[in-house]
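Input: a single structure, listed below in structure tokens.
The values are calculated or read from the model by the stated rules, or taken from the named source; none is laboratory data. The structure presented is a predicted model; accordingly, all values stated were derived computationally and were not measured. Here the Cβ positions follow ideal geometry from the backbone for every residue, glycine too, while neighbour counts run over all protein chains shown.
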Amino acid sequence: MGPQKGKRGVPLMSDLRDLYQEVILDHHKKPRNFHKIEHANRRAEGYNPLCGDKLSVYIQLENGIVKDISFVGTGCAISTASASMMTESLKGKSESEAKEAFEKFHQLVTNHSDSPPDAAAMGKLAVFSGVREYPVRVKCATLAWHTMRAALDQSQGAVATE
Amino acid sequence: MTAAANKNIPYDVEKARRDFPIFCEPVNGKQLIYLDNAATTQKPQVVLDALMHFYTRECANIHRGVHYLSERATESYETSRAKITRLINAASPNEIIFVRGSTEAINLVAQTYGKMFVGSGDEVLISAMEHHSNIVPWQILCEEKGARLRVTPMNDAGEFVFEQYERMLGPRTRLVAITGVSNALGTVNPVSEIIKLAHDRGVPVLVDGAQMIQHMPVDVRALDCDFFAFSGHKMYGPTGIGVLYAKERLLEKMPPYQGGGDMITSVTFEKTIYNKLPYKFEAGTPNVAGAIGLGAAVDYLQSVGLENISAHEQELLACGTLALQALDDVRIIGTAKEKTSVISFVLEGVHPHDIGTILDKHGIAIRTGHHCAQPVMEFYGIPATARASLGMYNTKEDIEALLWGLRKVREVFR
Ligand SMILES: Cc1ncc(COP(=O)(O)O)c(C=O)c1O
């Protein structure tokens, strides 16, 4: 097969590589911060009924700073990698910075305007910009982020959502 | 032409494909490989023509006007009902109620027959492989009535376990509601035996025929089922139209489902007299065009012959199953001895959603997810499957394309 054209006559693998970038596949295979935090003071569960993806996000919040953050669950490559990279990017951030990052990430994967959010400013997370072309996959990419925000919005006493 | 008359004519899939305009042009820049027939089927030109003809030549409301067009529309609508009566061998057109689809048909039974005959402490019996639409209406009813929803198990192959059913069919069972064919697994259930045993114990049976009617000849009188539900859009007909078959004797006893126009004989503010069957259950302006389109789909299916379609699909099923079984990293979910052309599977290390996206990029449409059968997924301990479901126009090349597509999936996830 040529470098660009699939057997069925359209450029394929290059498109797919925009979605399934190496970094994403790597985080899918070896998710980072993939464990429970036993004494987390923030926690929420996210569920995407469409694909059956389920994950829990744990946060140790101290003086408004995300001291530690982790997740466990099952999901597709996009949702697992997104969760993994989110935990990496939010460690040490303040609560308001984390929420700001949620907004930016959401924009990154949904924005169709001519001026997409500054990908460079997103750092590593910019690899998710390919999701934009796959509207049905946006929910996969944002599941962990929604769950993270729900965890942050919890009052301290109401951690156990089960 | 009857289906039987067609038995000896070899089935020509290439000819059948030409009846479907969607296969004649590229979709999203590619030749469509459509393997999502259990979700909905494509429509042949004759069905599209029937819809177009109604809206361009015959459009009027039915059962209301004395004018020419209304009479024509009424006649076409009722002709469709007659076609469906013959298709499933109902005793009378009075037993054919037009609804939106299987979902509405089942809800209708739950909200009328169920409300009347299921009481506190009673039981409704379903199977472990039901579509949500044959679970939730019964849950709602049972909740309302203080009744109990009981679930007969299936085995690891995804087959109905008759001995368990025999045990669970108890003195409080008021209704058995069972799918004829599982949409997630393809399992064909022994409905005839299921009905027989229920009847021996005086219990009526609803068959969810949504995945049955397009794959095999159905004879409701031979089956002796009390209710039979199906959707037009899964049998090459339009969306928004479906059928509830019910025995006339039961329909007579059941209260109406919805109130409104057409379902009454006379209305005063003091008292309303309900219309005769089947109109008692068809309140308001129905999907006239849809019913006419469904009639055209029935004609089409009968002209091709359901036996021919079934034989063709079984060949594809065998070929696809063999090919997928040969792959080390694929596990087929649902390995019943008797199946329709549905192949659900999981691929090691790749979530079904990722498979779906990559195949789609190559013009191959499959369904991924829980297929509105979350209890089935839970049974197998998986969040989702990828499902290829084959229809009358699929070919061995389509299966080859699927295998080729799976190699592409592995290339991405290598
Ligand atoms: C077995 C089964 N029952 C019921 C339904 C519901 O059909 P509809 O959505 O057309 O009402 C489906 C559709 O997927 C089905 O597969």
Original post:
Taking helices (runs of 4 or more DSSP H) that fall entirely within segment A:45-162, which contain at least 3 residues that are within 30 Å of B:ASP360 (Cα to Cα) and at pLDDT 95 or above?
Top reply: A:77-90, A:138-152
Original post:
Which members of segment B:256-272 meet the condition of being over 23 Å from B:ASN107 (Cα atoms) and of a type outside the set (Lys, Arg)?
Top reply: B:THR265, B:SER266, B:VAL267, B:THR268, B:PHE269, B:GLU270, B:THR272
Subject >> Close pairs from segment B:163-174: first in the same structural domain as B:SER120 (by TED's automatic domain parsing), partner of a type in the set (D, E, K, R), Cβ under 7 Å, at least 6 apart >> reply: B:MET168/B:ARG150; B:LEU169/B:ARG201; B:GLY170/B:GLU123; B:ARG172/B:ASP122; B:ARG172/B:GLU123; B:THR173/B:GLU123; B:ARG174/B:ASP122; B:ARG174/B:GLU123
**OP:** Output the residues belonging to segment B:358-374 that are of a type in the set (Lys, Arg) and touching a residue at least 60 places away in the same chain (Cβ under 8 Å).
**Re:** B:ARG367
Subject >> Cross-chain or 6+ apart pairs with Cβ under 7 Å, segment B:90-105 first and within 14 Å of the ligand (Cβ to nearest atom), then outside any helix (DSSP H, G or I) and hydroxyl-bearing (Ser, Thr, Tyr) >> reply: B:GLY101/B:SER231; B:SER102/B:SER231
**OP:** Hey, could you check segment B:25-77 for residues that are of a type in the set (Gly, Ala, Ser) and assigned to a helix (DSSP H, G or I) and say which is nearest to the other protein chains (Cβ to nearest Cβ)?
**Re:** B:ALA50
Original post:
What number of residues in segment B:125-136 are within 15 Å of B:GLY170 (Cα to Cα) and within 16 Å of the ligand (Cβ to nearest atom)?
Top reply: 2
Original post:
Of (1) modelled with pLDDT under 95; (2) within 27 Å of A:ARG132 (Cα to Cα); (3) in contact with a strand residue (DSSP E or B) (Cβ under 9 Å, 6 or more places away or on another chain), B:MET377 satisfies all except one. Which?
Top reply: (2)
**OP:** Mind counting the residues in segment B:249-280 that are buried (at least 19 other Cβ atoms within 10 Å of the Cβ) and either free of Cβ contacts under 8 Å to residues at least 60 places away in the same chain or within 16 Å of the ligand (Cβ to nearest atom) (or both)?
**Re:** 4
**OP:** Search segment B:380-391 for residues being under 23 Å from the mean Cα position of the chain (by Cα) and either in the same structural domain as B:VAL136 (by TED's automatic domain parsing) or under 17 Å from A:ARG137 (Cβ atoms) (or both), and hand back the single one that is modelled with the lowest pLDDT.
**Re:** B:ALA384
**OP:** Starting from residues that are assigned to a loop (DSSP other than H, G, I, E, B), modelled with pLDDT of 95 or more and within 14 Å of another protein chain (Cβ to nearest Cβ), keep the ones in segment A:19-44 and report whichever is surrounded by the fewest Cβ atoms within 10 Å (Cβ to Cβ).
**Re:** A:LYS30
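Residue-wise test of (1) at pLDDT below 95; (2) surrounded by fewer than 21 Cβ atoms within 10 Å (Cβ to Cβ).
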position	(1), (2)
B:GLN314	no, yes
B:ALA318	no, yes
B:LEU324	no, yes
B:VAL330	no, yes
B:THR335	no, yes
B:LYS339	no, no
B:VAL342	no, no
B:GLY349	yes, yes
Subject >> Matching entry among B:GLN111, B:GLN139 (being within 16 Å of the ligand (Cβ to nearest atom) and surrounded by fewer than 16 Cβ atoms within 10 Å (Cβ to Cβ)) >> reply: B:GLN139
**OP:** Within segment A:35-60, track down each residue that is of a type in the set (A, V, I, L, M) and touching a helix residue (DSSP H, G or I) at 6+ places or on another chain (Cβ under 7 Å).
**Re:** A:ALA44, A:LEU50, A:LEU55, A:VAL57, A:ILE59
Original post:
Which one of B:ILE333, B:ILE364 is within 21 Å of A:PRO49 (Cβ to Cβ), in contact with a Leu (Cβ under 8 Å, 6 or more places away or on another chain) and hydrophobic (A, V, I, L, M, F, W, C)?
Top reply: B:ILE333
**OP:** Could you grab me the full set of residues in segment B:83-108 that are surrounded by fewer than 16 Cβ atoms within 10 Å (Cβ to Cβ), hydrophobic (A, V, I, L, M, F, W, C) and closer than 19 Å to B:GLY293 by Cα?
**Re:** none
**OP:** Check off (1) within 16 Å of the ligand (Cβ to nearest atom); (2) surrounded by 20 or more Cβ atoms within 10 Å (Cβ to Cβ) for B:ALA289 and give me the number that stays unchecked.
**Re:** (1)
Subject >> Unmet criterion (only one of (1) hydroxyl-bearing (Ser, Thr, Tyr); (2) modelled with pLDDT of 95 or more; (3) surrounded by 16 or more Cβ atoms within 10 Å (Cβ to Cβ)) for B:SER70 >> reply: (2)
Subject >> Selected residue [closer than 16 Å to A:LEU50 by Cα, aliphatic (A, V, I, L, M) and either touching a residue at least 24 places away in the same chain (Cβ under 8 Å) or in contact with a Leu (Cβ under 9 Å, 6 or more places away or on another chain) (or both)] from B:ILE343, B:ILE355 >> reply: B:ILE355
Subject >> Index of the failed condition, B:ILE309 passing every other in (1) surrounded by fewer than 22 Cβ atoms within 10 Å (Cβ to Cβ); (2) not assigned by TED's automatic domain parsing to the domain that holds B:ARG100 >> reply: (1)
**OP:** Please specify each residue of segment A:126-151 satisfying the condition of being more than 14 Å from chain B (Cβ to nearest Cβ) and touching a Lys or Arg at 6+ places or on another chain (Cβ under 8 Å).
**Re:** A:ARG149, A:ALA151
**OP:** For segment B:156-178, state whether one or more residues are more than 14 Å from chain A (Cβ to nearest Cβ) and within 13 Å of the ligand (Cβ to nearest atom).
**Re:** yes
**OP:** Select from segment B:196-218 the residues that are in contact with a helix residue (DSSP H, G or I) (Cβ under 6 Å, 6 or more places away or on another chain) and of a type in the set (Val, Ile, Thr) and list them in ascending order.
**Re:** B:VAL205, B:VAL207
Original post:
Can you pull out the residues in segment B:100-146 that are in contact with a Gly (Cβ under 7 Å, 6 or more places away or on another chain) and of a type in the set (A, V, I, L, M)?
Top reply: B:ALA105, B:MET129, B:LEU141
**OP:** Taking B:ALA323 as meeting all but one of (1) under 26 Å from the mean Cα position of the chain (by Cα); (2) in contact (Cβ under 8 Å) with a residue 12 or more places away in the chain; (3) over 29 Å from A:ILE24 (Cα atoms), write down the number of the exception.
**Re:** (1)
